[in-house]
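The structure appears below as structure tokens.
Just so you know, all these numbers are worked out from the coordinates, no wet-lab data involved. All values derive from a computational prediction rather than experimental measurement. Methodologically, a virtual Cβ is constructed for each residue, glycine included, from the backbone with ideal geometry; neighbour enumeration extends over all protein chains shown.
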Amino acid sequence: MTKSLHATGPWRTECDHEGMWQIWSKGCRWIAKIFGSTAEADARLIAAAPELLEALESIATPEGFRLPAKEWEELDLFKKARSAISKARGEADLAA
């Protein structure tokens, strides 16, 4: 696993007095402020990002899939997992 470049998790959500959702990292570092009709759901998804990335990294390996390396490299699910990990690490274009 590569060293994390993002703020350490867990992250938490909080709704301020104006109805805007905020995401805070461990140690009270402000990550984002979100508003709109899907703000609460979006904030919860963003706040789960560190744990989601960690879980995905732990299963997106030959050992995690429990398949021979040649087989797991061909799986569409594996390709999607590796793509998401690369985007989260800043190794791939987010628009891809």
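Figures for the structure shown
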{"quantity": "Local net charge near ALA43, Cβ-Cβ under 12 Å (Lys/Arg +1, Asp/Glu -1)", "calculated": "-1"}
{"quantity": "In nm, spacing of pseudo-spin labels at MET20 and LEU56 (7 Å Cα→C-beta vector)", "calculated": "2.7"}
{"quantity": "Gain in span if fully extended, LEU45 to ALA84, counting 0.36 nm per residue against the direct Cα distance", "calculated": "12.6 nm"}
